[in-house]
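Since the structure comes first, as structure tokens, the remarks are kept for the end.
Nothing in this text is a laboratory measurement; each read-out follows from the coordinates by a stated rule. In this text the structure is predicted, and so the values were computed from the model without any measurement. In this analysis, Cβ positions are derived from the backbone assuming ideal geometry, glycine residues included, and neighbour counts consider all displayed protein chains.
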Amino acid sequence: MSFTSLHWGAYRPRVVDGRLQAMDPVEWDADPSPIGLSIPGAIDSATRIRRPAVRRSFLERFNDHPALRDPHLRGNEAFVEVPWDVALDLVATELSRVKGEHGNKAIFGGSYGWGSAGRFHHAQSQLHRFLNSYGGYVYSVDSYSLGAGRVLMPHIVGNMDWLLAAHTSWRNLAEHCELFVAFGGLPLKNAQCSPGGASDHLVSNGIRRMSDAGVQFVNVSPLRDDLTGSERNEWLAVRPGSDTALMMALCWVLVDEGLHNTDFLRRYTVGHERFIEYLLGAVDGVAKTPEWAAALTDIPAQRIVSLAREMAGKRTMINVAYSLQRAQFGEQPFWMTVTLSAMLGQIGLPGGGFGLGYGCMNNTGSGRKAFSGPRFSQGVNPVKDFIPVARITDMLLNPGEAFDYNGKRYHYPHIRLVYWAGGNIFHHHQDINRLLHAWQRPETIIVHEQFWTAQAKHADIVLPATTALERDDIGSAASDRYMIAMHKAIEPVGEARDDYAIFAELSRRLDCMQVFTEGRDAGQWLRLLYEESRSRAGSFAIELPDFEEFWREGVFEVDYPPDDTVLLKAFRDDPQGDPLQTPSGKIEVFSETIAGFGYADCPGHPVWLDKPAQPLPLHLLSNQPKTRLHSQYDHGAYSQASKIQGREPLTINRQDALARGIAEGEVVRVFNDRGAFLAGVIVSDTIRPGVVQIATGAWFDPLAKGQANSLEKHGNPNVLTEDVGASSLSQGCSAQTVTVEVEKWHGEVPPITAFDPPEILGARV
Ligand SMILES: Nc1nc2c(c(=O)[nH]1)N[C@H]1C(S)=C(S)[C@@H](COP(=O)(O)OP(=O)(O)OC[C@H]3O[C@@H](n4cnc5c(=O)[nH]c(N)nc54)[C@H](O)[C@@H]3O)O[C@H]1N2
Ligand SMILES: Nc1nc2c(c(=O)[nH]1)N[C@H]1C(S)=C(S)[C@@H](COP(=O)(O)OP(=O)(O)OC[C@H]3O[C@@H](n4cnc5c(=O)[nH]c(N)nc54)[C@H](O)[C@@H]3O)O[C@H]1N2
Ligand SMILES: [Mo]
């Protein structure tokens, strides 16, 4: 029996006569994700890349100076299909030219993106290992997901991965939690996914068990449906970007009424005195009272007061979604989450304390050890230049310019060649019109893709990659219940090759084959990586079967040692013996380290920072999509069924729609001074006034191809988001801080062309 694993679940591919007919959810998954429905129709659709292809001018003038290959035509030029050998020769020639002329630090291989599940054929890992075996590349650090959080948390509590793996379990919450206050909710749409696989879905059940146990939920979010499935569920329709003020006012009430836990603060934290002075107004003359916060958040002052009392009187878990830190000054809501729960003094107690992203990923709160199976080494990168991941446009536009990051000053390298596998920058990056300018700067852009995404269409050389269903692999994600033997289900579509096979061929041409492949084919690697993981499993008291048995059975249920995790319990039990990995060994409400960096946009303790004046009346939320993973399978049936007149749905409050003469089902133009997109409208009372919401991931579809500032006709919010770092500390993605205006679209509704392949010359049949 064959299985496969995707980031959103495990499935049994149903194949008839070599064609994928259906993706049947596995029988043990109580809440399988419908995203799997999208794959059968999409995997061999016209949108699939079938053969290697080269942008016309790039090919015709390959031997001329790179500037003569018309890089400004990227995204607006035909491709020429070429045989694999020709394409691989071109890639190898370019890599060796750039390396010879400028060194490896002219190659950007950050290649951010989720790619596919499967431990071996992870595209980004394959690329990194390949480039390392060829002398290295400029890399990127942190993620779009948790840019601010990843940099902040080690200063104040501990490393983000360590924290995520040690979250208090759903089981513990059901037994001990009384009040669950969720900033950004607990959206089930997001819990469909977990990086590397989500073989059984836990979150709906987790919420149900807590609800059955009588837990009161408070959903602090602009969207009502960010928390569903619980009985006692209050919606506090907060203004986006204002949660920090709300948390401060809750702290103010605790201090004002003497409800804060001074014993806890003294024993387990540093710097709370300075923060309390700030809270009371001693520093800036502004007391952070409920009235002060009510004006910023739209939450009534009375409710702030009563909520603070309830939190102090009950066993309370405070959860914050990643989205809150994907914003300008995004460090502050995370720092305040920790500070508020430190004030309550319940950190390290069953059912209490804080959570960073329950509901963001399926596996958070599983209560299982963070074991993950096979690991594929990426080698060692001799190049030391890097960027914080979301600063890519700045790097391409401003080589040599200085930037701040986590207390140090660095300089952007001068990039000549960009190599991408397993990501889609025209999905994930902010201010796509600015990106389009930057994207003309490199001499060469090489992309491995499965589908004709905007990223592929804006490349010079495109190499077709297999999907997870077209290769053998091993599915295994941190804390996931099952390891999956991912048997190849269908033959590669067209001439698609595995990323590994592509890099192996390149490494042969570039004389680094032994380092990259170590003489193994993919099958030998799978066996080796699996065997290596068995001894690591042993250190978790997990016994894996031998490879043959695993491969034959198709699935292995990991027998995790029983563990009723409570986050930071060991620290609470013994703060001296089990200190945190912070400079003080304690929770840092004030961080001398961060204060020493001297950043106005992230000083030494949490602060309320007014955002730069936002010019337009509606706040745009671009959250994670329910119907797909990012941009993946936007052309699939499940995502397509959600579209309105072919466009991505935009939800607007009834009052705001009425004021603009907009009705449900119509097409609207959403705009600000960076650009404009079209979307299909949903009018609703489940979104607070003053906010509009559109999911990310509609494929970039400009009316005028390859030209900046063209109308985007499909609903890609990143033509409007601003490309600035969260702060000088993290430089994280700040997509959630943006305002827009919406108007009815009176023109003809242009057809969607995002899923059409580019014009292809010399196509071979
Ligand atoms: N406005 C706004 N922007 C955002 C966000 C937001 O909230 N708002 N969220 C941000 C976040 S948190 C993230 S993580 C990013 C996500 O951004 P990405 O991870 O870049 O988005 P994906 O659509 O998952 O892109 C993965 C690409 O890899 C390709 N792929 C899949 N498998 C393989 C493979 O085996 N080989 C190769 N070569 N290619 C493969 C897929 O076809 C797809 O095009 O977006 C960020 N951008
Ligand atoms: N189906 C699906 N699941 C996914 C993904 C996907 O693409 N598809 N992506 C995965 C990835 S890569 C990541 S990083 C996680 C991301 O997890 P998150 O970043 O938490 O996800 P979002 O959906 O952007 O945000 C969650 C909710 O927060 C609310 N919100 C936004 N801004 C604010 C604010 O200022 N204040 C408050 N109180 N609420 C706010 C929004 O209403 C939104 O629905 O999700 C993962 N899960
Ligand atoms: Mo993410």
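For the chain, taking the reciprocal of the average inverse distance between every pair of different Cα atoms yields a Kirkwood hydrodynamic radius of 26.8 Å. Compactness of region 168-366 was expressed as the Cα radius of gyration divided by 2.2 N^0.38 Å, which yields 0.98.
Once you reduce region 518-555 and region 417-433 to the center of their Cα atoms, the two points are 34 Å from each other.
Step by step: find N for region 171-224, compute 2.2 N^0.38 Å, then divide the Cα radius of gyration by it. What's the final number?
On the way: Rg = 12.0 Å, N = 54, 2.2 N^0.38 = 10.0 Å.
For region 171-224, the normalised Cα radius of gyration comes out at 1.20.
Rounded to the nearest 5, the antiparallel percentage of DSSP beta bridges internal to the chain is 45%. With a cut-off of 9 Å between beta carbons, the residues surrounding residue 495 carry a summed charge of +3, where Lys and Arg count +1 and Asp and Glu -1.
Which length gain, in nm to one decimal place, applies between residue 614 and residue 746 when the Cα-Cα distance is subtracted from 0.36 nm times their residue separation? Walk me through the numbers before you get to the answer.
Details: separation 132, 0.36 × 132 = 47.52 nm, distance 2.65 nm.
Length difference between fully extended and current span is 44.9 nm.
Take the Cβ-Cβ distance between residue 584 and residue 548 as r, set R0 to 45 Å, and report the resulting FRET efficiency rounded to the nearest 0.05. Mind dumping the intermediate values first?
Numbers: r = 51 Å, r/R0 = 1.14.
For R0 = 45 Å, the calculated efficiency reads 0.30.
Computed extension length for residue 175-residue 282: 34.4 nm, one decimal, from 0.36 nm per residue of separation with the Cα-Cα distance subtracted. Rounded to whole Å, the principal axis extents of the Cα atoms in region 396-463 read 40, 22, 21, largest first.
Global size of region 283-403: 20.5, 58 Å for Rg and Dmax (C-alpha atoms, Rg to one decimal, Dmax whole). For the chain, the relative contact order is 21 percent, taking Cα pairs closer than 8 Å that sit 6 or more residues apart in sequence and dividing their mean separation by the residue count.
Residues with beta-carbon under 12 Å from that of residue 733, excluding residue 733: net charge, scoring Lys, Arg +1 and Asp, Glu -1? Provide the component values of the computation, followed by the final result.
Values: positive: 150, 326, 391; negative: 142, 431, 722, 723.
Computed value for this residue: -1.
Under the criterion of Cα pairs below 8 Å and six or more residues apart, the relative contact order for region 168-366 equals 32 percent. Taking the alpha-carbon distance from residue 586 and a cut-off under 29 Å, which lysines remain once sequence neighbours fewer than 8 residues away in the same chain are dropped? By straight Cα distance, residue 586 reaches 288, 314, 369, 408, 569.
Of the GluC sites (Glu not before Pro) found in region 364-472, those in coil by DSSP whose Cβ has at most 16 other Cβ atoms within 10 Å are 401.
The modelled label-to-label distance between residue 673 and residue 273, using points 7 Å beyond Cα along the C-beta direction, is 4.6 nm. The alpha-carbon atoms of region 618-744, seen along their principal axes, cover 42, 32, 28 angstrom, with the largest extent given first. Using a Förster distance of 30 angstrom, determine the FRET efficiency expected from the C-beta separation of residue 64 and residue 511, and round it to 0.05. After rounding to 0.05, the efficiency reads 0.70.
Would you mind getting me the FRET efficiency between residue 45 and residue 645? Use the beta-carbon distance for r and R0 = 22 Å, nearest 0.05.
Details: r = 21 Å, r/R0 = 0.94.
After rounding to 0.05, the efficiency reads 0.60.
Counted by Cβ distance under 15 Å from residue 244, the other residues give a net charge of -2, where Lys and Arg count +1 and Asp and Glu count -1.
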